[in-house]
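My questions all concern the structure below.
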Amino acid sequence: MRIAYLDCFSGMSGDMFLGALIDAGVPAKLFEDTVAALNIGARLGDFTGESQRHRRDQGGCICAWEKELPREVFAEQQSRAHKHEHHSHEHSHKHSPEHVDLREHNYVQSGHEGTRAGAPAPHEHGRGLRQILEIIRKADISDVAKRNAIAIFEALGATEAKIHNDDIEKVHFHEVGAVDAMVDIICSAVGAEALGVDEIVCSPLNVGGGTVKCAHGVLPVPVPATVELLQGAPVYSSGIQVELVTPTGAAIVKTLVKRFAPFPAMTIEKSGYGAGSRDFAGHANVVRLTIGEWQATIAQNTSQETISVLEANLDDLNPQVFGYVVERLLEAGALDTFAVPVQMKKNRPGMLLTVLSKPEDAPKLSQIIFTETSTLGVRRREEQRQTLARKWVNVVTRWGDVRLKIASMNGTITNYAPEYEDCKKIAAANRVPLKSVMNEAMEAYSKALKS
């Protein structure tokens, strides 16, 4: 299974995720076409034309893609957007729509307090959620990317509506921030699909700390919208007094990430880094995206071995003979043998005999199958078997000693069971129910574990 691992040790924003996608090999042309398909008057150059690899640690060891967005670009976008919507969107103070500021990693730091630089005034024109979703639906992008982009915006809108106790239809996104966020969110949805992975796995998120100033005043970090969006996700703060996870970044994680886990066992194919806009002393301000094939984790202290699997179809064998064949195979060294009913040609009911053996025992076991059954052919293949560590212990019952087989993994006992033949002999010799002997053996071992 092909996976992408999102390592958010320095938080997460839409800008950073988009940069990581580009650095991981998603073609810039794809994002250029995506922005053009939105038909919102934005140019790719506004958002990625200045993007380049930047060092994002004090030692200069990590280079990452950063999406730079100069302030004059915001002013130009705001002017174009206002002209575009002046006749179609009448803003009324009576409705007091809730405006959402989506500016990404554009804060001026002052001590432990962040200020969102250039934040729009509370009553500037803005796009409503319905307008944004309609733009996405009309865009010439895949249905998968549309669904994910819509889900991200709906998560943002629903969160803001809940926090401000307002109707989601009254939530408006500040015009400048909305244009930037639309590019980040929709390109992220398109880029995530372009990775061609089965799932995105995420690390715990470093959310930062301190406070931040926005249109609603001073808020604690992580801000309320981020906290709401990251419900159910593992988070922590490394102590950096900066907003590291933005609402847009949180909404992207909420929608695109399938599960949270430490760095998985995987064969790495490639990786990419997306940069935040600030440098921190002794801390690389990047998000890392690693792509590769997931490898199933092998339990420790287990053994692996190659075994032979022998199979034969039986459709005309006397059932009494079948029991005898099984006994002979086990006596000859078969690791296990079993049968399942099958429907064979000409609608005849039959049995599929399966024998597990050591490779060196396979020839003699095949000979037994040929001589003792009516089959005309035996299939053989080699497989890998993983087994738990096993040992035998003796327990004392009122009728005599019984051996128990104990299985364990990584030093922890996983299961145990009394030896059937021992219990059978004791039950026959003492004329007591077999189940009574087995139960007492289990109870004796359970008491020994507790003592």
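Quick check for you: with a 1.4 Å probe and neighbouring chains kept, what is the accessible area per residue of the stretch 142-295, in Å²?
Details: 5550 Å² over 154 residues.
On a per-residue basis, 36 Å².
Right, here's the next one. Can you give me the C-alpha center-to-center distance between the stretch 347-410 and the stretch 432-451, rounded to a whole angstrom?
Between the Cα centre of the stretch 347-410 and that of the stretch 432-451, the gap is 26 Å.
Continuing with this model, one more query. What percentage of the solvent-accessible surface of the stretch 127-265, computed with a 1.4 Å probe over protein heavy atoms, is contributed by carbon and sulfur atoms?
Numbers: 2630 of 5120 Å².
Roughly 51 percent of what the probe reaches on the stretch 127-265 is carbon or sulfur.
A further question follows. Would you kindly calculate the translational diffusion coefficient of the stretch 319-384, applying Stokes-Einstein with the Kirkwood radius from alpha carbon pairs, for 10 °C and a viscosity of 1.306 mPa s, and quote it in µm² s⁻¹ without decimals?
Stokes-Einstein gives a translational diffusion coefficient of 126 µm²/s.
Between Ile413 and Arg398, how many nm apart are label points set 7 Å from Cα along the C-beta direction?
2.3 nm
While we're looking at this one, here's another question. Is there a pair in Lys29/Lys270; Lys29/Lys146; Lys405/Lys435; Lys364/Lys425; Lys425/Lys450; Lys358/Lys425 whose C-alpha atoms are over 22 Å apart, and which pairs would that be?
Numbers: Lys29/Lys270 20 Å; Lys29/Lys146 18 Å; Lys405/Lys435 17 Å; Lys364/Lys425 30 Å; Lys425/Lys450 28 Å; Lys358/Lys425 29 Å.
In this structure, Lys364/Lys425; Lys425/Lys450; Lys358/Lys425 exceed 22 Å between Cα atoms.
A further question follows. Expected output is a single nm value to one decimal: the length gained when fully extending between Ala36 and Tyr236, i.e. 0.36 nm times separation in residues minus the C-alpha distance. What is it?
Values: separation 200, 0.36 × 200 = 72.00 nm, distance 3.78 nm.
Separation in residues times 0.36 nm, less the Cα-Cα distance, equals 68.2 nm.
What are the extents of the Cα atoms of the stretch 278-429 along their three principal axes, listed from largest to smallest and rounded to whole Å?
Cα extents, longest axis first: 80, 54, 30 Å.
If you take the Cα atoms of the stretch 393-435, find Rg, then find the Kirkwood Rh from the mean of 1/r over all pairs, what is Rg/Rh?
Reported Rg/Rh (Cα atoms, Kirkwood Rh): 1.08.
So, one more: Under 17 Å from a label point 7 Å along Cα→Cβ of Gln386: give me every residue in the stretch 255-278 with its amide N that close.
Zone members listed by number: 264-267.
Taking all protein chains as present, what is the carbon and sulfur share of the accessible area of the stretch 314-380, in % to the nearest whole number, probe 1.4 Å?
Using a 1.4 Å probe with all protein chains present, the stretch 314-380 comes out at 55 percent carbon and sulfur.
Under a 1.4 Å probe, what is the accessible area of the stretch 370-451 per residue, stated in Å²?
Counting only protein heavy atoms, the per-residue value for the stretch 370-451 is 69 Å².
If I take every Cα pair under 8 Å that is 6 or more residues apart in the stretch 274-359, average their sequence separation and divide by the length, what percent do I get for the relative contact order?
Normalised by residue count, the contact order of the stretch 274-359 is 30 percent.
Please report, to one decimal in angstroms, the Kirkwood hydrodynamic radius of the stretch 370-424 built from all distinct Cα-Cα pairs.
Computed over Cα pairs of the stretch 370-424, the Kirkwood hydrodynamic radius comes out at 14.7 Å.
Output the relative contact order of the stretch 143-271, whole-number percent, from Cα pairs under 8 angstrom with separation of 6+ residues.
About 31 percent, as a whole number.
How many nm separate the modelled label positions at Phe338 and Glu372, each set 7 Å beyond the Cα in the direction of the Cβ?
Distance between the two pseudo-spin positions: 1.9 nm.
The values are calculated or read from the model by the stated rules, or taken from the named source; none is laboratory data. None of the values given here were measured: they were computed from a predicted structure. For neighbour counting, all protein chains shown are included, and Cβ atoms are generated from backbone atoms with ideal geometry for every residue, glycine included. Remember, those area values only see protein heavy atoms, side chains included, never the ligands or the DNA or RNA. Shrake-Rupley method; radii C 1.70, N 1.55, O 1.52, S 1.80 Å.
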